[in-house]
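Only one structure is covered here, and it is reproduced in the block below.
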């Protein structure tokens, strides 16, 4: 899972091969089976999903400790998933695309000579080798801090600017700061914990780093302090692949789609993020099989380059012809479904929580309701979570495709109320190993993984039979 919403639709990636699956030949199938959802739940297996996780971890161990973009570990992950699907009888495509990747060699931030914890923003330009040293200029730290050119009125030329996270993409804040004549930008988070984001590979940005809310508060009290920012970064072009497979049965004009990102971050093997989503999806796909007795076709996708800005899913959606996009009735997303201190979160399709980005496209409320019902069937009361654009549903909802998905939480803190509801520890992260080397099989809550697999299986089976509540799009 990515660290921030910024740069959702502005990634320099170009398809080298077709973005969609080559349509498998249609086969004559039995009439839709009303017992399909129940049978799919009974057949799907958390135990088998764990076996997939163990293989993904072994792949990482055999390839430098990760399965990140542009690495042999990612290529081996693609071959593993594609091979399992082909062995089960699916027709599988692995369309490739170019993507610009970002790497950090060194980073540091000091204020009046004292080191400050900070994390470089993805696709940030590098500073000169000796770094930038300049006075700190503090913007108004309101909800739209740094989003408008007038926010930078009075910014001294060459200053390093402090802005607050919120409203607009990080890249827009960085572009505005450069236009105003600043030399660098610090973005303060709105909460504690690690703060990772991306500028989205935009032009005309400047060296940009992020800090926690408490560090931001401390810096805001020191306007004019001497700040030194050192960022050694590189941006390169590489190639990645998606994995796409579709059933041969069901109405091809009403496709139920489900996806999960297959890449990890470079820092670790990425077993919860997002081996769990990938393994859950693979287990359910194999349980369903390539020719189920279903009314609607089912398409599965494992996305590349999610961790650098949702590139695989974004380019897939952008590459669809309008009529092919309309054929996708809905999209289900799996990203981190086995967090060790799990929440049971479902994307808020109807915006009933009144938090963040608003509702999804028409039909998303039905997707949310079915997912909540399926969690309820395994004894869990789910709660809504915002469509904040941090995972691969983002390109689908931007294209007007109804969407939803399951999520057990990343670096955010589980509340005491949630701990009472679901168990686990209040006041602690859902996943303390998020984007770290300790994100291994040992980091996965197997009960949460099994429950989410059942919820996915029941939901996918329901929509494979009927799309009641999901309107056709024109």
(message) So for the stretch 340-355 (the condition being touching a helix residue (DSSP H, G or I) at 6+ places or on another chain (Cβ under 9 Å), more than 28 Å from residue 423 (Cβ to Cβ) and surrounded by 15 or more Cβ atoms within 10 Å (Cβ to Cβ)), does at least one residue qualify?
(response) no
(message) Of everything in the stretch 16-41, what is surrounded by fewer than 13 Cβ atoms within 10 Å (Cβ to Cβ) and either touching a helix residue (DSSP H, G or I) at 6+ places or on another chain (Cβ under 9 Å) or at pLDDT 95 or above (or both)? Give them in sequence order.
(response) 34, 35
(request) Report yes if residue 423 is surrounded by fewer than 24 Cβ atoms within 10 Å (Cβ to Cβ), assigned by TED's automatic domain parsing to the domain that holds residue 53 and more than 20 Å from the chain's Cα centre (by Cα), otherwise no. (result) yes
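Just checking, which of 466, 413, 459, 408 is closer than 24 Å to residue 369 by Cα and out of contact with any helix residue (DSSP H, G or I) (no Cβ under 9 Å at 6 or more places or on another chain)?
466
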(request) Could you tell me whether residue 145 is touching a residue at least 40 places away in the same chain (Cβ under 8 Å), in the same structural domain as residue 222 (by TED's automatic domain parsing), over 30 Å from residue 243 (Cβ atoms) and in a loop (DSSP other than H, G, I, E, B)? (result) no
(message) Checking the structure you have, find out if any residue of the stretch 445-462 is under 28 Å from residue 44 (Cα atoms), modelled with pLDDT of 95 or more, assigned by TED's automatic domain parsing to the domain that holds residue 377 and outside any helix (DSSP H, G or I).
(response) yes
(request) Collect the residues in the stretch 57-75 that are surrounded by fewer than 18 Cβ atoms within 10 Å (Cβ to Cβ) and in contact with a helix residue (DSSP H, G or I) (Cβ under 7 Å, 6 or more places away or on another chain), keeping them in residue-number order. (result) 64
(message) Suppose we filter the stretch 207-225 for residues that are part of a loop (DSSP other than H, G, I, E, B) and within 25 Å of the chain's Cα centre (by Cα); how many remain?
(response) 2
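The values are calculated or read from the model by the stated rules, or taken from the named source; none is laboratory data. Small disclaimer: the values here were computed from a predicted structure and weren't measured. Note that we place each Cβ from the backbone using ideal geometry, even for glycine, and neighbour counts take in every protein chain shown.
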